[in-house]
Amino acid sequence: MTPTAGEPVVVDTPSGAVRGRVHADGDVVEFLGLRYARAERFAPPDPEPPWPGVRDARAPAPQCPQLASRMDEVAGPSEAEELGQDEDCLTATVRAPRDAAPGDRLPVLVWIHGGAYVIGAPSLAWYDTARLVREGRVVTVSVGYRLGILGWLRAPGLSPGNLGLLDLAAALRWIRDHVAAFGGDAAAVTLMGESAGAHAIACLMSVPGYRPLFSRVILQSGQLGLGLGTERSAARVAGFVDDALRECAGPDADPRTVDVGTLLRAQKRTMVRHAGPGGVNSAPAFAPVAGVAPLVGVPAGDPWVAAAHSGHPMIVGATADEANTFIRIAPSLRRLGEGPLARLVALGSRVATRRVFTAPADRLATRAAAAGTTVSTYRFAWHAPEGGLGACHAIDLPFVFGNRAAWERAPMLAGASWDDDVEPVSRALRRWWLAFATNTDPVAAQTPSATSASR
C-alpha cells in the first residue's frame, strides 16, 4: 500500500513516544522539532527529561532568534520568516527510511548548518535530507544550536562562552541514546557541516571527550582560516555588547532579562562595531573561543592540530570562489565589484578564498593524512552560466540535498538547467558523500568530476 504524505507515524524512544509523519517522498518518515535539551539563557544545556504519552513531532521547529539574512541574494528565497523564532531552539529533525526499524543499525548522517554562527536553522527546506535518506538508506539527524549573542557570547559572570558547542555535544549524546529507536547505529555516525557547521565540527574533533560520539566527518567550506576567538577578542566583544545594551535599553539593562528583540538589536550594533570601518574585520564577533570549555588546551594561534589528530576519517574541501558570496551580500563590496575596481575586488576574492577556506582545508587534510587518518579532499568548481558568482560559498548545498523546490530559484544557479546541469552532478556528489558515510567502496561511488572542473 502506497503511504500518504503526512500520514502519522509513532516511534517509541528511550525518553518517550514521538509522533512523526510520512514525508512528501513516501519512502521516508520524518520527526520534526524533537527537543534534545533545554537551556536557560546564557546557561549550559540540560538533557531533555523523559515525557509521558506521545509527543507530537509533525511541525518544523522555530529558529533560534537571529537577525535577518542577506543570503537570499545568493541562495534564493527560504521560509525562514514562516518558521518564526524562539529561544527554546535546541531541537533536532530525524528522517529515516519508512521501513526502518529498531535494531536495523543503519548509518547515521548528522547535519550541522552554517550561517556564520549567527543565522540558520536545521528545519529550513534548503536542508531537507530526504534524498540522502532514500538514496543511501541512512538515518539523518539535523540539529539546531544557539546562535549569536545567545550561543557565543563570552562574558565571565554572565555567559561562559562556547554554549553553541555545548549544545552540539548535547545533541550528539541525545543521538547516541536515541537514534537506534529510528533504526540508526550510534556507532556509525558521520558529522556533515558547511561553513560555520564545518568549523564547529573541527572544534568538536578537537575535544577528546567528544570524539567517541562520532565516527567520520565531512567538512564543507569551513572558514578554518578565521581560527578561534581569544579571551582578549571575546572581552572586546563583551564590552561592545554592554555598550550596545545600554544604548538600546538604558543603563540598567540586564542581558539575562531583556526581551530577545533588544538582545538582537545589541547584537547587530556589536557586529557592526566589531567589523570596523568598511567591515574589514572578517572575524566573526560571535564564535568559539580558544581556551574556554570545552576548548580547554586548544590554542588560538594554531587551533586545528588537535582536530587533525582526532583519528576521524574525513572529507574536507571548499568551493573555488568562496568569497564571491560575501562580496555579493555586502552592499559596499558589491558596488565596488560592479565598478572600475572590479578587477581589484576579484583579486581580493581569490586571496580571501585561499586564506580563509582552501589553504586551511588543505593544511588540515595534509596534517590528518600525515597522522595516519584516511582523508579525501575536493574543490567544487562548478558554476552557473548566468549567476555571476562563480563557484561561490554555499553553491555546493543544492547538490548535496537535491531539493529542487527549495533551490531552483537561487541566483547562484541562474541560467543552469536543473535536469541537465544540476541533477547529474547532484546525484554523483551524494553518491560520494553516502559511500563515505556508509563506509562502502569510495572508488565504486566515483568522485564526481564536475566538482573538480569548471563548467
| field | segment 265-276 - phi-based ³J(HN,Hα) in whole Hz, Karplus 6.51/-1.76/1.60, Gly and Pro as x | value | 5, 5, 4, 4, 5, 5, 5, 5, 5, 5, 5, x
| Gained length - ASP88 relative to ALA330, 0.36 nm times residue gap less alpha-carbon distance | 84.1 nm
| task | Compute the Rg to Rh ratio over segment 231-279 from the alpha carbon atoms, using the Kirkwood formula for Rh, and round to two decimal places. | result | 0.98
| task | State the answer as a single residue: which of ILE175, GLY388, LEU124 lies farthest towards the positive end of the charge dipole of the chain, with beta carbon charges of +1 for Lys and Arg and -1 for Asp and Glu, about the Cα centre. | result | GLY388
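Tell me the relative contact order for segment 231-279 as a rounded percent, counting alpha carbon contacts under 8 Å between residues six or more apart. If you can, show how the numbers build up before the last one.
Working: 28 pairs, mean separation 20.1, N = 49.
Once divided by the residue count of segment 231-279, the mean separation gives 41 percent.
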| From the backbone phi of segment 48-60, what are the Karplus-calculated ³J(HN,Hα) couplings (6.51 cos²θ - 1.76 cosθ + 1.60, θ = phi - 60°) in whole Hz, Gly and Pro given as x? | 5, x, x, 9, x, x, 10, 8, 6, 9, 10, 10, x
| remark: Counting sequence-distant residues (5 or more places) and residues on other chains, those with an amide H built under 5 Å from that of ASP56 are ARG19
| query | Gain in length, ALA369 to ALA17, computed as 0.36 nm per residue apart minus the alpha-carbon separation, to one decimal in nm? | reply | 122.4 nm
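Rounded, prolate or oblate: which fits segment 1-155, taking a ≥ b ≥ c as square roots of the Cα gyration tensor eigenvalues, rounded meaning a/c under 1.5, else prolate when a/b beats b/c?
Details: a/c = 2.00, a/b = 1.35, b/c = 1.48.
Oblate shape, in that a/c is at least 1.5 and b/c is the bigger or equal ratio.
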| message | Based on Cα coordinates alone, diagonalise the gyration tensor for the chain, multiply each eigenvalue by 5, take square roots, and list the semi-axes in whole Å, largest first. | response | 31, 28, 22
| remark: The ³J(HN,Hα) series, computed from each phi in segment 249-264 with the Karplus coefficients 6.51, -1.76 and 1.60 at θ = phi - 60°, rounded to the nearest Hz and given as x for glycine or proline, is 9, x, x, 9, 4, 10, x, 6, 10, 5, 5, 5, x, 5, 4, 5
| said: Restricted to Cα positions, what overall size does segment 107-237 have along the principal axes? Three whole-Å values, descending. | reply: 47, 29, 24
| query | Once you measure Cβ to Cβ distances between cysteines in the chain, which Cys have no partner under 4.7 Å? | reply | CYS203, CYS248, CYS392
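What shape does segment 23-69 have by the C-alpha gyration tensor, where a ≥ b ≥ c are the square roots of the eigenvalues, rounded means a/c under 1.5, and otherwise prolate means a/b greater than b/c and oblate the rest? Intermediate values should be presented prior to the final figure.
Values: a/c = 3.14, a/b = 1.28, b/c = 2.45.
Because a/c hits 1.5 or more and a/b fails to exceed b/c, segment 23-69 counts as oblate.
Given axes a ≥ b ≥ c from the Cα gyration tensor, I'd like to know whether segment 83-182 is rounded (a/c under 1.5), prolate (a/b larger than b/c) or oblate.
Taking the square roots of the gyration eigenvalues as a ≥ b ≥ c, segment 83-182 is prolate.
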| task | Let me have the relative contact order for the chain, percent, based on Cα pairs under 8 Å that are six or more residues apart. | result | 15
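Given the peptides 231-239, 128-136, arrange them by the average over their residues of other C-beta atoms within 10 Å, most packed first.
Working: 231-239: 18.1, 128-136: 21.8.
By packing density, highest mean first, the sequence is 128-136, 231-239.
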| query | Hey, can you rank 51-60, 24-33 by average C-beta count inside 10 Å, highest first? | reply | 24-33, 51-60
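Readers should treat all values here as calculations from the given coordinates under stated rules, not as data from a laboratory. Keep in mind it's a predicted model, so treat the numbers as computed, not measured. Ideal geometry is used to build each Cβ from the backbone, glycine not excepted, and the neighbour counts take in all protein chains shown.
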